[in-house]
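**Student:** First, the structure itself, so that you have it in front of you.
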Amino acid sequence: MLSLLLLLLTLVGLILVARREAGALPALAVPGIFGLIGLISGASLAAVVLLACAAIIAACGLPALRNKWLTARLFAMFKKVAPKVSETERTALEAGSVAWDGELFSGKPDWQRLLSFHDDGLSEEERAFIDHQCSVAAGMCNSWDIAKERADLPEELWNYIKKERFFGMIIPKEYGGLGFSAKAQSAVLQKLAVNETLMVTVGVPNSLGPGELLLKYGTQEQKDHYLPRLADGREIPCFGLTGPRAGSDATSLPDVGIVCKKVIDGEEVLGLSLTFNKRWITLAPIATVVGLAFRMFDPDHLLGDEEDLGITCALVPRDTEGMEIGRRHHPIGSPFMNGPIRGQDVFVPLDTIIGGPKMAGEGWRMLVECLSVGRCITLPSGATGTSRYAIGWAGGFARIRRQFNVPVAEMEGVQEPLARMAAKGYIANAVVYQTANTIDHGEAPSVPSAILKSHLTEFQREVLADAMDIHGGKAVTLGPRNYIGIGYSANPVAITVEGANIMTRNLMIFGQGAIRCHPYVLEELAAKDTEDQARFDKAFFAHAGLIFGNAARAFSMGLTQGLGFGQPSTPFDQVATPFAQDVARLSAGFGLCADAAMASLGSALKQREMLSARLGDILANLYLTSMVIKHWHEGDKVEGEKALFQYACTFLLYRAEQAFVEVFDNLPNRALGRVLKLVVMPRGRRWSKPHDDLARNIAAQVSRHTPLRSKLLAGSWDQQDGTEDNPLAHYNALLATQDRAEALYRTINKAHAKGELPAQALHPEQRLEAALEAGVINQEDAQFMREREAEVLEMLSVDDFAFDAFVSDKEKLVRHADAA
């Protein structure tokens, strides 16, 4: 019994030491002390085992001992199995910065670090712009008119967004731009997401493109010339990166720039002969200046000894001789300006390189450094805004649409998707805002940018699908009255561009994060590349301590979850604390699983994309949950928000645990998978899908005029103050009087059921007139219901067209007999 007790106490002591990553000496002391106690107490077998354990810890953990026999062997083995990192990959890995994503990889997230990114909010100028200019621009949009009748934004809208410098949000005021914060840029795009074409048109010039590249890398002369002109719309930019053979793998672009000389106006000019074939270039058909990425070569060594200089970026004016530009692609669902750019032997001077000749070959670094910020804002903000409008429309429609004598919002089959939509919109809003806030603090979050782009555009796809289902026939019949169908059909664009979601999820989130965000892997690889054994020893054994620490944290927190002890303290209220503590538990489990996958698979992990994707899903859901918790912690709560917060966090942590299970089940080493499952989930899964009671509560809140609905829709265009109709304003007005209408519906329907009204009064309009005549309701109520039913009928109605309205070539029209 004494031996068993000593072994058990040693195990507990080692778990506590490992959990704190206290180092080799405390770890050595635990079995050493209990071993000595065993010797003194006569428990010789336990003493031998424990002292042997102490000896092993000393031999492997103490630097003076391990350097004599172990480090060199481990270093040689590491160099054989470690993945080879190309210069292109290294550039991408070193781009951007690491913040909260690094904390999650560590397995011991410090919530104070997250909270240190305090939120200063928006400036008065930014708020005024969002309230006024964005509302004016949104109010000029009708999706049918833009997508089907003109295939473009109205001319007056183009003039307005140029005049109000929408294209200059990222350009500093000294160059004539707006100089907005990342949070303000995001809020602008969310409001403009009422129309996909408008959002893309404004978002792209403020994302990856000439403006941002010039700001960070341009020469002073280039900045002075282009930035004021980009800010006020005199120049319309585009950026040519992708082509027929270079899409998601942008580094494989075959477009070339050959250093050469050409005589111009009697003078010999050193420049580049560009040959390129680009496609999918947003704003290309109307662009006046083209940012161009190409592979630069100097075969005649006019610049130096190096022949292949690498990817380079240049600014090429539209009127450059040989440039073929102006044709359009037809993006699905949204006619934003997008098209090909081609050129054969197009000559440009060397000073068209962004940053001048000294930046030759630096294009890939420039692109990945800029992408980490732009990808965090444009498409995630558009997805968040689109989801917000879809929630507003669907909640309103579900409340006014009556079937079986009740609003369909009262049917659980509709409540379930309504709650799902609300939760995803709530998550997206929190994540976009809080990540933009870190950008305003100087971070360039490369891994979070991949998380936001992939997961929030997927949320957008799911939210729109749910909204379409709730609207039913209203949504599947296109026409001027259909405010959602065209946006739904355009959703694949967001899924595909700026790194297709398939590639981003399978290759980038974990693939980049495993090296970039891990506390020690990048240092170990650097030691390998520099043949620095001492550096490797320090990094590797700190890494080993992290592995044991994460195993101890994951196991002990999993064992004590829900028991009121053994969990880390958090700075949050009692509503958020359980979720924050489980983020910490799963973070430790994630760190352990990430190291286990890398150690067991080595460089083969690159090809195990499904496994990498699931590990990325764990990281992503922990990141999303963290941002929701911070948003809750810092925000002003409204009635009903607690249920939505709990639904959102439960939903995300359920997804994280599901990804864990799929990792355990699919690791090639099955024994390793079973051990990891036992360590990470010693008591099984904690989270199930959100409870139905939460869904019913949330659905009722978002389909009525409530503080929660108002909070979810904050920042949208919700007023009837534009030149075009605003369906969200109609729904909000109808919901504001819904309680009065519901009481009257019940009174009238009850009278009809009792036979007090004519049986043939089947239409609501007929029934209310009969109720007035029978004295069931008074004149004031009747007039209220007349006006309301007219508004409701308009919101439920769809469009119809002449028989040949959709036939562009009337000669091909088939004159069916019954349609003649």
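The values are calculated or read from the model by the stated rules, or taken from the named source; none is laboratory data. The structure presented is a predicted model; accordingly, all values stated were derived computationally and were not measured. All Cβ positions, glycine included, derive from the backbone under ideal geometry; neighbour counts span all protein chains shown. Ligands, DNA and RNA are stripped out before the accessible areas are found, and what is left, the full protein with its side chains, is counted by its heavy atoms. Shrake-Rupley method; radii C 1.70, N 1.55, O 1.52, S 1.80 Å.
**Student:** What lysines sit close enough to Lys642 to cross-link, taking a C-alpha to C-alpha distance under 24 Å and skipping anything fewer than 8 places away on the same chain?
**Tutor:** Filter leaves Lys424, Lys630, Lys689, Lys711.
**Student:** For the chain, what does -39500 (n - 2.57) per DSSP helix run (n ≥ 4), summed and divided by total residues, give at 222 nm, in deg cm²/dmol to the nearest 500?
**Tutor:** For the chain, the value works out to -18000 deg cm²/dmol.
**Student:** Moving to a separate point now. Students often check this: by mean Cβ neighbours within 10 Å, which of 295-301, 99-105 ranks highest, and how do the rest follow?
**Tutor:** 99-105, 295-301
**Student:** Each residue of the range 21-28 in turn: what ³J(HN,Hα) in whole Hz from Karplus with 6.51, -1.76, 1.60 and θ = phi - 60°, glycine and Pro shown as x?
**Tutor:** Each residue's phi maps through the Karplus curve to give 6, 6, x, 5, 4, x, 5, 5 Hz.
**Student:** Suppose every Lys and Arg Cβ carries +1 and every Asp and Glu Cβ carries -1, with no other charges. What dipole size does the range 124-371 come out with about its Cα centre, to the nearest 20 debye?
**Tutor:** 780
**Student:** Within the set of other residues whose C-beta is less than 11 Å from the C-beta of Gly499, count the net charge using Lys and Arg as +1 and Asp and Glu as -1.
**Tutor:** Once positives and negatives cancel, what remains is +1.
**Student:** To the nearest 0.05, how large is the calculated FRET efficiency for Ala64 and Leu36 if R₀ is 25 Å and r is the Cβ-Cβ distance?
**Tutor:** Working: r = 22 Å, r/R0 = 0.89.
Once rounded, the FRET efficiency stands at 0.65.
**Student:** A further question on this structure: Report the accessible area of His730, computed with a 1.4 Å probe over the heavy atoms of all protein chains in place, in Å² rounded to the nearest 10.
**Tutor:** 40
**Student:** Give me the extension gain from Ile56 to Ser44: residue separation times 0.36 nm, minus the current Cα-Cα distance, reported in nm with one decimal.
**Tutor:** Gain on extension, Ile56 to Ser44, equals 2.5 nm.
**Student:** Please tell me the relative contact order of the chain in percent, rounded to the nearest whole number, where contacts are Cα pairs under 8 Å and at least six residues apart.
**Tutor:** Taking the mean separation of contacting Cα pairs over the length of the chain, I get 15 percent.
**Student:** Please compute the contact order of the range 124-371 in relative form: average sequence separation of alpha-carbon pairs under 8 Å and at least six residues apart, divided by the residue count, as a percent.
**Tutor:** 18
**Student:** Let me ask another. Leaving ligands, DNA and RNA out of it, report the carbon-plus-sulfur percent of the accessible area of the chain at a 1.4 Å probe.
**Tutor:** C and S atoms contribute 55 percent here.
**Student:** If I ignore ligands, DNA and RNA and count only protein heavy atoms, how much of Leu522 is accessible to a 1.4 Å probe, in Å² to the nearest 10?
**Tutor:** Approximately 50 Å² for this residue.
**Student:** Work out how much length Val575 to Ala805 would gain on full extension: take 0.36 nm times their residue separation and subtract the Cα-Cα distance, in nm to one decimal. Display every interim value, and only then the final one.
**Tutor:** Numbers: separation 230, 0.36 × 230 = 82.80 nm, distance 5.65 nm.
Result for the pair: 77.1 nm of gain on full extension.
**Student:** Under a 1.4 angstrom probe, counting protein chains only, how are His705, His330 ranked by accessible area, largest first? Could the numbers behind the result be given before it?
**Tutor:** Values: His705 120, His330 165 Å².
Output order, biggest surface exposure first: His330, His705.
**Student:** Once you have the Cα-Cα distance between Arg73 and Arg535, take 0.36 nm times their residue separation minus that, and quote the gain in nm to one decimal.
**Tutor:** Working: separation 462, 0.36 × 462 = 166.32 nm, distance 1.45 nm.
Result for the pair: 164.9 nm of gain on full extension.
**Student:** Now, a different point. Using every alpha carbon pair in the range 428-582, what percent of pairs falls into each 10 Å bin from 0 up to the bin containing the largest distance?
**Tutor:** Taking every Cα pair in the range 428-582, the percentages come to 9, 20, 27, 26, 12, 5, 2.
**Student:** Quick check for you: with a 1.4 Å probe and neighbouring chains kept, what is the accessible area per residue of the chain, in Å²?
**Tutor:** It amounts to 42 Å² per residue over the chain.
**Student:** A further question on this structure: DSSP loop trypsin sites (Lys or Arg not before Pro) in the range 693-764 with at most 16 other Cβ atoms within 10 Å of their Cβ, which ones?
**Tutor:** Of the trypsin sites (Lys or Arg not before Pro), the ones in loops of the range 693-764 whose Cβ has at most 16 other Cβ atoms within 10 Å are Lys754.
**Student:** Now a separate question. Loop-only check: which GluC sites (Glu not before Pro) in the range 478-561 are DSSP coil with at most 12 other Cβ within 10 angstrom?
**Tutor:** Taking the range 478-561 and a limit of 12 other Cβ atoms within 10 Å, the loop GluC sites (Glu not before Pro) found are Glu531.
**Student:** Determine how large the accessible area of Lys689 is when every protein chain is in place; take a 1.4 Å probe and give Å² rounded to the nearest 10.
**Tutor:** 140
**Student:** Given all pairs of different Cα atoms, what value in angstroms does the Kirkwood hydrodynamic radius of the range 272-327 take?
**Tutor:** 12.7
**Student:** Residue by residue through the range 779-787, which ³J(HN,Hα) values in whole Hz follow from phi under the Karplus form 6.51 cos²θ - 1.76 cosθ + 1.60 (θ = phi - 60°), with glycine and proline marked x?
**Tutor:** 5, 4, 5, 5, 5, 4, 6, 4, 5
**Student:** Report the net charge of residues surrounding Ala741, where surrounding means a beta-carbon distance below 11 angstrom and charges are Lys +1, Arg +1, Asp -1, Glu -1.
**Tutor:** -1
**Student:** Hey, with R₀ at 41 Å, roughly what FRET efficiency would Leu270 and Lys162 work out to, going by the Cβ-Cβ distance, to 0.05?
**Tutor:** 0.70
**Student:** Continuing with this model, one more query. Can you tell me the equivalent ellipsoid semi-axes for the range 1-68? Use √(5λ) from the Cα gyration tensor, largest first, whole Å.
**Tutor:** Each semi-axis is the square root of five times an eigenvalue, giving 22, 14, 7 Å.
**Student:** Here are several values of mean projected area of the Cα convex hull in nm²: [x] 45.3; [y] 68.4; [z] 42.6. Which one was derived from the coordinates shown?
**Tutor:** Recomputing mean projected area of the Cα convex hull in nm² here picks out [x].
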